[in-house]
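*Asks:* First the structure, which I've put down as structure tokens, then a few questions once you've had a look.
What follows is calculated from the coordinates using simple rules that are stated; it is not laboratory data. Please read all numbers here as calculations on a predicted model, not as lab measurements. So basically every Cβ, Gly included, is an ideal-geometry build from the backbone, and we count neighbours across all protein chains shown.
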């Protein structure tokens, strides 16, 4: 495929969007909300078709070949098609006739939400194990990290202030001064990186996003 | 005689009539007038600058009763009328102003631009009293075609663009550009080699950002380079996706990389797929892939949030080499702790250029570095000026409206 077409589209739209940032008038706002945001939504909806197709294909082939963990593919496919079917039936009030109105919502609240919460809950254990690894005082940096973390954690619990009333202030200082300085340093780099990446893509210098090296 | 009889009757019945009348009701005392509160002053109306129109900004000096303890006023009603007419209507309410010296209100309920309006500000007393200001000057709204508050951003963008063009031209002329070694990126080749030797796949996670996130685009750029190496060594590359649009782009990126390396048959379309756009659902699915497929190398590059540690810790438990990178400052500590190599912030954006080793791309990195030096210089100068002269003039130059 001739790559000049996507490159031209990116160049033109990229420059328009850049100019839009500096133009506050109504046509500029309308362009952003009506064209950019709505087209984005349309693209998303159309992209869902091949995306869900890829999911089905992936699991179907895994199931057909009886690959390791194929049973999970059954759960995935049942979940996918089951929720679509229940969603349609619920919407058309068919489920109400069999006294199962609101089944979609019930399944969502009682199956999906608890599963999400469980995954999120695992984070607490991972955080404990990661903290253990990070705080092992093997090097000077790790020791400094350990001391700083101890003070910060001690400062945010009531017991810290009970032991010494200056602890919360020291804890806050750690967060507001050295920590903030490091964060801002990284954010400067990120900001410039975003600008550079955007310019590289708009000007056609970076073409990796088209796959390969972007050679014509 | 004719006159005497009625007179006698009148004299006789008059006291009785007087007694039969109900006593006159006492006149109720008139209600006390609400206490007057001091009116706001100096009401000024003007078109809201740098906007899309249909908005007028009103400023006023608060009532002298503003800030009294206990409070004497609840706030201010903003009254609007077309200029030349006396048809004021309440267009909004502004709370108490003190300790600020000036009250601000933006009237964004104008029906059309180009019509002059005048304003009054009414201080509303706690006890129902009120104090109404004098009329403001007439003002009309309009839309602007350039946001002057963003002039500094425009200048910085133009300057940065000049740097990029200059360094790209320099790179084109054949001059070598030094780029410091980034350990995480230098390890990519080894990581691919390790997976090949072990006969295991590689896992590439482009994060949970959308295609609108530049971190995701940077990740897709890196994916192109990683996919080329995977194609070269014929190592399976698994790319589970969170976002449907990112999936379609990632699919094409990997496919094109295999094509470019002359190995289209080695491309497995099933290995690049969409999973779900539920954050924790995605984390669970990727964890499952790591546990079942046991990839030798995990790449976590892109926009990551709460799921970062869940993914990185699971990957560490499976014994894979892990290369992570994100621009999310809050997630970096998790990746640093649980991964072998971490690309911090800007390194993520530099990765594609670093891996591709194309002079044109490296030129943009130099432009980035020069811009960063200028920003650091301005910050140091701003800090010195602020400390020495007690003036924020330099730092205020960096504000973008």
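*Asks:* Return one number: the angle in degrees, 0 to 90 and rounded to the nearest 10, between the long axis of the Cα atoms of helix B:346-356 and the longest principal axis of the Cα atoms of chain B.
*Replies:* 30 degrees
*Asks:* Compute the helix-to-body angle for B:151-172: its Cα long axis versus the longest principal axis of chain B, expressed 0 to 90° and rounded to tens.
*Replies:* 10 degrees
*Asks:* Further question: Per-residue ellipticity at 222 nm for chain A, helices alone: DSSP H runs ≥ 4 residues times -39500 (n - 2.57), over residue total, nearest 500 deg cm²/dmol?
*Replies:* Details: 11 runs with 161 residues, N = 216.
Calculated at 222 nm, the ellipticity per residue is -24500 deg cm²/dmol.
*Asks:* Working from Cα positions, state the angle (0 to 90°, nearest 10) between the long axis of helix B:307-318 and the longest principal axis of chain B.
*Replies:* 30 degrees
*Asks:* Here is a further query. Identify which of A:113, A:156, A:98 has the largest mean-square fluctuation in a Gaussian network model of chain A, with springs joining Cα atoms closer than 10 Å.
*Replies:* Between A:113, A:156, A:98, it is A:98 that shows the largest mean-square fluctuation.
*Asks:* Using helices alone, what [θ] at 222 nm do you get for chain B, with -39,500 (n - 2.57) per DSSP H run of 4 or more residues, divided over all residues and rounded to the nearest 500?
*Replies:* Theoretical 222 nm ellipticity from helices: -14000 deg cm²/dmol.
*Asks:* To continue, here is another question. Treat the count of other C-beta atoms within 10 Å as a stand-in for reagent exposure and order A:150, A:31, B:160 from fewest to most. The partial results should precede the final answer.
*Replies:* Values: A:150 13, A:31 16, B:160 20.
Neighbour counts put them in this order, fewest first: A:150, A:31, B:160.
*Asks:* Considering only DSSP beta bridges where both residues belong to chain B, give the percentage that are antiparallel (nearest 5). Can you show the working numbers first?
*Replies:* On the way: 29 of 48 bridges.
Within chain B, antiparallel bridges account for around 60 percent of the total.
*Asks:* Quick one: what Rg and Dmax do you get for the stretch A:135-204 from the alpha carbons, in Å?
*Replies:* 18.3, 60
*Asks:* Sequence gap at least 6, Cα distance under 8 Å: using those rules, report the relative contact order of chain B to the nearest whole percent.
*Replies:* Details: 724 pairs, mean separation 54.7, N = 401.
Computed over chain B, the figure is 14 percent.
*Asks:* Using the Kirkwood formula on the Cα atoms of the stretch B:170-281, what hydrodynamic radius do you get, in angstrom to one decimal?
*Replies:* Numbers: mean 1/r = 0.0663 Å⁻¹.
About 15.1 Å for the stretch B:170-281.
*Asks:* Continuing with the same structure: Consider just the alpha-carbon atoms of the stretch B:264-401 and return their Rg together with their Dmax, both in angstrom.
*Replies:* 20.6, 69
*Asks:* At a 10 angstrom cut-off on C-beta neighbours, averaged per residue, how do the peptides B:60-72, B:161-173, B:86-98, B:362-374 rank from highest to lowest? Walk me through the intermediate numbers first.
*Replies:* On the way: B:60-72: 17.9, B:161-173: 16.4, B:86-98: 14.1, B:362-374: 20.2.
Ranking the peptides B:60-72, B:161-173, B:86-98, B:362-374 by packing returns B:362-374, B:60-72, B:161-173, B:86-98.
*Asks:* Which whole number gives the average, over all residues in B:152-165, of C-beta atoms from other chains lying within 10 Å of the residue C-beta?
*Replies:* Values: counts 0, 2, 4, 0, 2, 6, 0, 0, 4, 5, 0, 2, 6, 2.
Across B:152-165, the average partner-chain Cβ count within 10 Å equals 2.
*Asks:* For the stretch B:304-369, report the translational diffusion coefficient in µm²/s to the nearest whole number, using Stokes-Einstein at 25 °C, 0.890 mPa s, and a Kirkwood Rh over Cα pairs. It would help to have the intermediate numbers written out before the result.
*Replies:* Details: Rh = 12.8 Å.
Approximately 192 µm²/s, per Stokes-Einstein.
*Asks:* Can you give me the relative contact order of chain A as a percent, contacts being Cα pairs under 8 Å and 6 or more apart? Write down the numbers at each step before the final one.
*Replies:* Working: 92 pairs, mean separation 36.1, N = 216.
Reported relative contact order: 17 percent.
*Asks:* Taking Cα centroids, how far is the stretch B:76-142 from the stretch A:109-156 in Å?
*Replies:* Comparing the Cα centres of the stretch B:76-142 and the stretch A:109-156, I get a distance of 53 Å.
*Asks:* Could I ask something else about it? When the Debye formula is applied to the Cα atoms of the stretch A:68-126, each taken as the same point scatterer, what base-10 log of I(q)/I(0) results at q = 0.22, 0.29 Å⁻¹?
*Replies:* For the stretch A:68-126 at q = 0.22, 0.29 Å⁻¹, log10 I(q)/I(0) is -0.91, -1.08.
*Asks:* Still on this structure: Pick from B:311, B:387, B:361 the residue whose mean-square fluctuation is largest in a GNM of chain B, springs joining Cα atoms under 10 Å.
*Replies:* Answer for the Gaussian network model of chain B: B:387.
*Asks:* Let me ask something else. Using only the Cα atoms of the stretch A:4-73, each taken as one equal point scatterer with no solvent, compute I(q) by the Debye sum, divide by I(0), and report log10 of the ratio at q = 0.11, 0.15, 0.21, 0.27 Å⁻¹.
*Replies:* Cα-only, vacuum Debye calculation for the stretch A:4-73: -0.52, -0.67, -0.92, -1.11.
*Asks:* Let me check I have the definition right: for the stretch B:177-357, take the eigenvalues of the Cα gyration tensor, multiply each by 5, take square roots. What are those semi-axes in whole Å, largest first?
*Replies:* Whole-Å semi-axes of the equivalent ellipsoid: 20, 19, 17.
*Asks:* Oh, and also: Relative to the compact globular guide of 2.2 N^0.38 Å, what is the alpha carbon radius of gyration of the stretch A:122-167, as a ratio? If you can, show how the numbers build up before the last one.
*Replies:* On the way: Rg = 12.5 Å, N = 46, 2.2 N^0.38 = 9.4 Å.
This ratio for the stretch A:122-167 stands at 1.32.
*Asks:* Please state, to two decimals, what the Cα-based radius of gyration of chain B comes to when divided by 2.2 N^0.38 Å (N = residues).
*Replies:* Working: Rg = 37.8 Å, N = 401, 2.2 N^0.38 = 21.5 Å.
Rg over 2.2 N^0.38 Å, computed on Cα atoms: 1.76.
*Asks:* Assuming 1.567 mPa s and 4 °C, estimate D for the stretch B:41-132 with Stokes-Einstein, Rh taken as the Kirkwood radius over Cα pairs, in µm²/s. All intermediate terms of the calculation are to be shown ahead of the outcome.
*Replies:* Details: Rh = 13.7 Å.
After rounding, the answer is 95 µm²/s.
*Asks:* Something else about it: Could you give the C-alpha radius of gyration of the stretch A:1-118 expressed as a fraction of 2.2 N^0.38 Å, taking N as the number of residues it contains? Before the final figure, lay out the partial values.
*Replies:* Numbers: Rg = 21.8 Å, N = 118, 2.2 N^0.38 = 13.5 Å.
Normalised by 2.2 N^0.38 Å, the Cα Rg of the stretch A:1-118 equals 1.62.
*Asks:* Next question, about the same structure. Relative contact order, percent, of the stretch B:177-357 when contacts are C-alpha pairs under 8 Å separated by at least 6 residues? The partial results should precede the final answer.
*Replies:* Details: 344 pairs, mean separation 47.3, N = 181.
Value for the stretch B:177-357: 26 percent.
*Asks:* If you count the DSSP beta bridges with both ends in the protein assembly as shown, what percent of them are antiparallel, to the nearest 5?
*Replies:* On the way: 29 of 48 bridges.
Here the share of antiparallel DSSP bridges comes out near 60 percent.
*Asks:* Would you tell me the mean number of C-beta atoms belonging to other protein chains that fall within 10 Å of each C-beta in B:361-374, as a whole number?
*Replies:* Whole-number average of other-chain Cβ neighbours for B:361-374 is 3.
*Asks:* Just to check, using Stokes-Einstein with a Kirkwood Rh over alpha carbon pairs, what's the diffusion coefficient of the protein assembly as shown at 10 °C and 1.306 mPa s in µm²/s? Show your work: numbers first, answer last.
*Replies:* Values: Rh = 30.2 Å.
In µm²/s, the coefficient is 53.
*Asks:* Another question about this same structure. If you project the alpha carbons of the stretch A:89-183 onto their three principal axes, what span does each projection cover, largest first, in Å?
*Replies:* 68, 30, 26
*Asks:* Per 10 Å bin, what percent of the C-alpha pairs of chain A does each bin hold, from zero upward?
*Replies:* 6, 13, 19, 19, 28, 14, 2, 0
*Asks:* Give me a single rounded figure for B:300-312: the average over its residues of other chain Cβ atoms within 10 Å of their Cβ.
*Replies:* Numbers: counts 0, 0, 0, 0, 0, 0, 3, 3, 2, 6, 7, 1, 2.
So the per-residue partner count for this stretch is 2.
*Asks:* Modelled label-to-label distance, residue A:37 and residue B:132, 7 Å Cα→beta-carbon offset: nm?
*Replies:* 3.9 nm
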